[in-house]
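As structure tokens, the structure follows; a few thoughts come after it.
Every read-out reported here was derived from the displayed coordinates using simple, explicitly stated rules and does not represent laboratory data. None of the values given here were measured: they were computed from a predicted structure. Neighbour counts are summed over all protein chains in view; Cβ atoms, including those assigned to glycine, are modelled from backbone coordinates with ideal geometry.
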Number of protein chains: 6
Amino acid sequence: MTQTPSGAFHGRPSGRAVDALRAIRLEPGYAKHAEGSCLARFGDTHVLCTATIEDRVPPWLKGGGKGWVTAEYGMLPRSTHTRTDREAARGKQSGRTQEIQRLIGRSLRAVTDLAILGERQIRIDCDVIQADGGTRTAAITGSWVALHHALATLVRFGAVKSMPLTDHVAAISCGLYRGEPVLDLDYAEDSDCQADANFVLTGRGGIVEIQATAETDPFEESEFDALLKLARKGIGELTVLQKAAVE
Amino acid sequence: MTQTPSGAFHGRPSGRAVDALRAIRLEPGYAKHAEGSCLARFGDTHVLCTATIEDRVPPWLKGGGKGWVTAEYGMLPRSTHTRTDREAARGKQSGRTQEIQRLIGRSLRAVTDLAILGERQIRIDCDVIQADGGTRTAAITGSWVALHHALATLVRFGAVKSMPLTDHVAAISCGLYRGEPVLDLDYAEDSDCQADANFVLTGRGGIVEIQATAETDPFEESEFDALLKLARKGIGELTVLQKAAVE
Amino acid sequence: MTQTPSGAFHGRPSGRAVDALRAIRLEPGYAKHAEGSCLARFGDTHVLCTATIEDRVPPWLKGGGKGWVTAEYGMLPRSTHTRTDREAARGKQSGRTQEIQRLIGRSLRAVTDLAILGERQIRIDCDVIQADGGTRTAAITGSWVALHHALATLVRFGAVKSMPLTDHVAAISCGLYRGEPVLDLDYAEDSDCQADANFVLTGRGGIVEIQATAETDPFEESEFDALLKLARKGIGELTVLQKAAVE
Amino acid sequence: MTQTPSGAFHGRPSGRAVDALRAIRLEPGYAKHAEGSCLARFGDTHVLCTATIEDRVPPWLKGGGKGWVTAEYGMLPRSTHTRTDREAARGKQSGRTQEIQRLIGRSLRAVTDLAILGERQIRIDCDVIQADGGTRTAAITGSWVALHHALATLVRFGAVKSMPLTDHVAAISCGLYRGEPVLDLDYAEDSDCQADANFVLTGRGGIVEIQATAETDPFEESEFDALLKLARKGIGELTVLQKAAVE
Amino acid sequence: MTQTPSGAFHGRPSGRAVDALRAIRLEPGYAKHAEGSCLARFGDTHVLCTATIEDRVPPWLKGGGKGWVTAEYGMLPRSTHTRTDREAARGKQSGRTQEIQRLIGRSLRAVTDLAILGERQIRIDCDVIQADGGTRTAAITGSWVALHHALATLVRFGAVKSMPLTDHVAAISCGLYRGEPVLDLDYAEDSDCQADANFVLTGRGGIVEIQATAETDPFEESEFDALLKLARKGIGELTVLQKAAVE
Amino acid sequence: MTQTPSGAFHGRPSGRAVDALRAIRLEPGYAKHAEGSCLARFGDTHVLCTATIEDRVPPWLKGGGKGWVTAEYGMLPRSTHTRTDREAARGKQSGRTQEIQRLIGRSLRAVTDLAILGERQIRIDCDVIQADGGTRTAAITGSWVALHHALATLVRFGAVKSMPLTDHVAAISCGLYRGEPVLDLDYAEDSDCQADANFVLTGRGGIVEIQATAETDPFEESEFDALLKLARKGIGELTVLQKAAVE
């Protein structure tokens, strides 16, 4: 919908540089019971990612020798500024929830060798404990760590011969905020930007998923290119943190 | 998930040139009862788009003087090669359905001046009569025609002062098929491609939405650029057809 | 509920004779992917009927050597004069929808030899593209054609020894409109009649189903007899059109 | 579906004459809390019918000065020979349930003057305590008694000026059992008959609803006429019992 | 929530002594089709309890040689003073319903030897025909009778070697009504009491379940002790009536 | 269900004394956005409790000048030893979930002066981040802290004249573990005990709720008394911790 631009750029609300990530922490092993877990903090956005190993695959994969990685996503009702209704109480997941969990699953499968994994399923749960923008990117980045831990366990116990991961995968959002391309939108920026893009890239820089949306006016190709460039920088940094978290 | 590439490129299954759209027909006024309608045919993909004018807006917009455009999407059970369960019988809409209907709504709102529209809602219904790949792009392209008709009626009857549309909007898919960037994927290509991207652009070339997904291996930025270039060509042609459909 | 009669009879809104059907077209093979299909047009009422062959029967029939024919029914949201909520979005099928789909299934089973069919199920989908009264009668009449095509395919490929259809089955509505018995009610008549009856008869004239309802005052047996006589005439004509559609 | 006839007629399983009702008891005032109630027993079929007066009408009737009568129907899980799943536990009402409750509502509205009733709703609940065939006919017949009691209360307290009932309404099933038309099918007959018809008639003999269904082979018009004749006899007797129950 | 006490005790609304049960009747064999049944009347509270024998156990018990007893609970919509919405129509069971049916199941399992029962399930249905307080206690007390009948049948036919019941189980409510501990609350007391407790005890006096709740102010341990003492008296009397009902 | 006792008591799995709580931590202000919050840790059981202030009450309280406190409860899917299905994905809350959230609401209302609170609702969300037995008692104990913070804010801003809390409320479980009464069951004890009881008491020792259940054999009154005595000790300690958390 066409809206008046929100005014000229006088810096980011958080004071960050346009190409600066928030403080990122990837805390592996946060959940005692899960086969793999990671609490991913992107500033005030906190997402708990867990990985569960299941010995069976969805019906359509049975007998094919390949495995599967799937994801679910949820938000605690008061993770948000004002309370969001509990989806379990409403009796269904929103369209937004379903979009995000499908995206997480696709992103992880893009770097998993499902044939090496064999006929088992890794089920990823991403639960937002606190939200301040960028929950889906924190979820993808943290889930890779949780997935890595679960798969390493399978390798350690000999259930899987070699590590079924072909690369890192991480995600970051970028946006046009008051005319300026900025990296890693927080909530204040996210709710007042002209365009919002989520990038999912591999450790070697391959594109796994791009979702770019005009929030107000349509935007230009040159602007899109600037967003992609910022994303490459951010994801490079996230990959370094993932490496540290799985060592 | 990492898969073996599907082999070398020896042309498209349909025999089309890599930059050729399927036969496109936009048939306005197909539905007798709706305020606006268009049967959009992209080859064997047939989507009926209708527009309904409602005198009220969603609760969160009440009293603000602005209108809304929203969309719903559905597939007839046997629009597909093998039968798809009826969502009404299953009691809920799939994640895919919800993703697509959210995309259609966002795309149309990007070229609608909601303040000129005033406090009313245009509800778009996109129903797939027959599916052969690219149903969401046919839906967006046809819905613009249906929307235009409904809005023109409002203008004609003086309910709205000027046409609330700021531009055309249309959509097309592109993909990497056996290593080659191709335009307007049909089902045969869609189910066997390495990457699949949907582009929603305006008549003046602005970007409204980009959704690009690696289906097998991650892909390169240069490949993405080639897809975007194809999309620009296709959407230029779709815009010409839309113009003809609303004259 | 007791209401004042709607006034004297001065002819039908459409100008049709009291015993005249609307223009009827049964277009077989309309749907590219289905094993059998027919677009049934009763005037401005258009119903797409498809038949899908499934290799398994419902649980209660397993191992008995007999098959099954079942039906589902739906309306596109803007098939009606004012938009009807999408049942998939509401999360359930209305009582009316369930009544109609049960009726279609019973009607088709009445002329199907389920033992000859063997342990497979034919699933009929009837989707109303446009509604102007009489959607259930168009659905039954068109479904027989779709069913015939699907069964003929099974016979042709030797999966079934002989044609499992014992007769034609077709349906028509009749009603008391301003005191006069009339054949094949359109929407204008349907919404203003005293009594409304749906008849499902076989090609040889056997009764499969009668549903007669007083919409305002209770009606007389002599009036019912007049409606049944009209139905026999109409169904005779529909049977001729069905024969043409399957040759 | 075509089946072998069940053999020659050697009398009814219950020993009743072909035109004999089961032992019928209409017990008014069975439920302590309801504004009107009746336990209707048709042999071993026991249906508790209650009427609740509500001071508001459905949204589409607001402000029109007319009232409404609606009905809901349910079966106790073990009212049947083998247990039927509880609809509340399954989370939805079956198609059969919805058909029956719509029929009960229509039948009662056909003899209710909704303008005299004024803007209030009578809500009828029919709950099957024990089932042995013919639950919908017992429900309609008993509901009329419950409705009469509730309406009489409204008249007695001056809320309604005159009795809003224009006539009795009652219902009975008939069927072709081993070739013979019989009145008031019990479960043994119902599950083994060629045709099954439910008739809803008024005290003065007007037709409110006819639902006739071929269970095996299509049937003849002369057979249908015989069923209607039996129904007239049975409903005459039910009307006499209703009169006694409301005096 | 803190409320003003309802005033001094001047006797019970019903005139009963503080330690007097209502008139209790346990009518076995009420339901014709069920393997066991009992209509339990606690004054104006009438609950129909039926027991259904099923040849299979829930999935998590398969192959373990043990059986299961489970329960469902429902209220007829007009069993209550004002009509309660039908849970089947609302599409889900309330939290209260689920609490009660879980309690009934646990209570019965506490006196059932599931190993002797073997791999079969007894499914108890408790349906409230009329409610006047204490429906869950009537349900538990009556269900034991229905369960006993069903199990006795299994023993009689040799399917089970010895009676799998280890004791009686019965339930009663007690409460603090205007400061006074009273036995077997009826609706008038239940809706105006300070504390409400349900006790489930065995014939030999063992505790199976205690649920005590402060309705207004928290209560004292000495008050709780008085309630438990009353419950012991009441359940002693219920056990005598159960004995009579199964002889 | 009758089971063999689990053997003699040789101490608790955790090595705790029979009357020792686990390590308890009540961390107020854990959630950035909520009006009140507390992360309650009972050993490895971690429950995040938040309080949201809403300016409106449920419909049945409108216009009465009183407020309401309600609660919802959920578990993260991998808070448990093996993964529990996400209730939002299943489309409904389990009976257990509903029991617990009703209990939390009742417990908090027992110490809230709803008249002083005025016409507003406090909505408590209790989400189990990690489960190791006793989630409902941690939820109640932590929720009191979250509620206190939210109410204190209302008082501080003058929206409410005085603190609407009349007392502390806290909860603890006790059980019979291998014949011995023990305080604050962890998962290892909870899944292997003969009786399990939850006590909700106020700071002054009043009883708010008792739920005691025989898991195997019925238990004796003397055993129940021992459990209550342990609970008094534990809740005394919890109250001290609550005091510290709100200062």
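Averaging Cα coordinates gives a centre for the stretch C:46-61 and one for the stretch D:161-193; these two points are 33 Å apart.
Find the centroid of the Cα atoms in the stretch C:197-247 and in the stretch A:201-221, then give the distance between the two in whole Å. The stretch C:197-247 and the stretch A:201-221 have Cα centres spaced 61 Å from each other. Could you tell me whether the stretch F:91-177 comes out rounded, prolate or oblate from its Cα gyration tensor? Rule is a ≥ b ≥ c as square roots of the eigenvalues, rounded for a/c under 1.5, then prolate if a/b exceeds b/c, otherwise oblate. Note, shape of the stretch F:91-177 comes out prolate. Within 10 Å of the Cβ of each residue in A:202-211, the mean number of Cβ atoms contributed by other protein chains is 5. For the stretch D:177-189, backbone phi angles converted through the Karplus equation (6.51, -1.76, 1.60; θ = phi - 60°) give residue-by-residue couplings of 10, 6, x, 10, x, 10, 9, 6, 5, 8, 4, 4, 6 Hz, Gly and Pro being listed as x. In this assembly of identical copies, the label point of C:ARG232 (Cα plus 7 Å along Cα-to-Cβ) is separated from its counterparts by 1.9, 7.3, 8.3, 8.3, 9.1 nm, sorted shortest first. For the stretch A:139-207, a simple Cβ point-charge model (Lys and Arg +1, Asp and Glu -1, everything else neutral) yields a dipole of about 680 debye relative to the Cα centre.
Sorting D:ASP225, C:ASP186 from the fewest to the most surrounding beta carbons within 10 angstrom yields D:ASP225, C:ASP186. Using the Stokes-Einstein relation with a Kirkwood hydrodynamic radius computed over Cα pairs, the translational diffusion coefficient of the stretch F:25-105 at 37 °C and a viscosity of 0.692 mPa s comes to 220 µm²/s. Among D:LEU151, D:LEU76, D:LEU185, the largest mean-square fluctuation in a Gaussian network model of chain D (Cα springs under 10 Å) belongs to D:LEU76. Each copy carries a label point for E:MET163 at 7 Å from Cα toward Cβ; from one copy, the others' points are 5.4, 5.8, 6.7, 6.7, 8.8 nm away, ordered from shortest. Going by neighbour counts of Cβ atoms within 10 Å, the residues D:THR153, D:THR70, F:THR213, C:THR50 line up, fewest first, as D:THR153, D:THR70, F:THR213, C:THR50. Legend: mean number of C-beta atoms from other chains within 10 angstrom of residue C-beta atoms, peptide E:224-232, equals 1. About the centre of its Cα atoms, the stretch B:85-222 shows a dipole size close to 1100 debye [charges on the beta carbon of Lys, Arg (+1) and Asp, Glu (-1) only; nearest 20 debye].
Each of D:SER37, D:SER173, D:SER222 has some number of other Cβ atoms within 10 Å of its Cβ, and from fewest to most they run D:SER222, D:SER37, D:SER173. What is the Cα centroid distance between the stretch E:85-134 and the stretch E:3-45, reported in whole angstrom? Computed from Cα coordinates, the inter-centre distance equals 19 Å. For F:GLY133, the residues whose amide H sits under 5 Å from its own are F:TYR187, ignoring neighbours fewer than 5 places away on the same chain, with H placed 1.01 Å from N.
Work out which helices of chain E, taken as complete DSSP H runs, extend at least 30 Å along their axis over the Cα atoms and score a mean Kyte-Doolittle of -1.0 or more, then list them. Qualifying helices: E:135-156, E:221-246. Take D:GLY179, push a point 7 Å out from Cα through the beta-carbon direction, and compare it with the same point in every other copy: 4.6, 7.8, 7.8, 8.3, 9.5 nm, smallest first. Of all beta-carbon atoms in chain B, the one sitting closest to the axis that brings chain B onto chain F gives B:GLY91, 5, with the distance in whole angstrom. Charging the Cβ of each Asp and Glu at -1 and of each Lys and Arg at +1, and nothing else, the dipole of the stretch E:152-247 about its Cα centre rounds to 960 debye.
Kirkwood hydrodynamic radius computed over chain D comes to 18.5 Å, based on all pairs of distinct alpha carbons.
Please compare each pair in C:LYS62/E:LYS66; A:LYS92/B:LYS92; A:LYS32/A:LYS92; A:LYS32/A:LYS66 to a cut-off of 20 Å on the Cα-Cα distance and tell me which ones are over it. Violating the 20 Å limit, Cα to Cα: C:LYS62/E:LYS66; A:LYS32/A:LYS92; A:LYS32/A:LYS66.
Ranked by the mean number of other Cβ atoms within 10 Å of their residues, highest first, the peptides B:135-147, F:131-143 fall in the order B:135-147, F:131-143.
Evaluate peptide D:100-108: per residue, the Cβ atoms of other protein chains within 10 Å of its Cβ; return the mean as an integer. Don't skip to the answer; put the middle values down first.
Working: counts 1, 3, 5, 2, 0, 0, 4, 2, 1.
Shielding by partners across D:100-108 averages 2.
Computed over the stretch A:148-235, the percent of Cα pairs more than 20 Å apart is 44.
Going by a ≥ b ≥ c, the root eigenvalues of the Cα gyration tensor, does the stretch A:1-63 fall in the rounded group (a/c under 1.5), the prolate group (a/b larger than b/c) or the oblate group? In terms of gyration-tensor shape, oblate. In terms of its C-alpha gyration tensor, the protein assembly as shown has an oblate overall shape, because the principal axis ratio a/c (a ≥ b ≥ c, square roots of the eigenvalues) is not below 1.5 and a/b does not outweigh b/c. Taking amide hydrogens as placed 1.01 Å from N in the peptide plane, the amide H of B:THR112 sits under 5 Å from those of A:THR2, B:THR166, each at least 5 positions away in sequence or on another chain.
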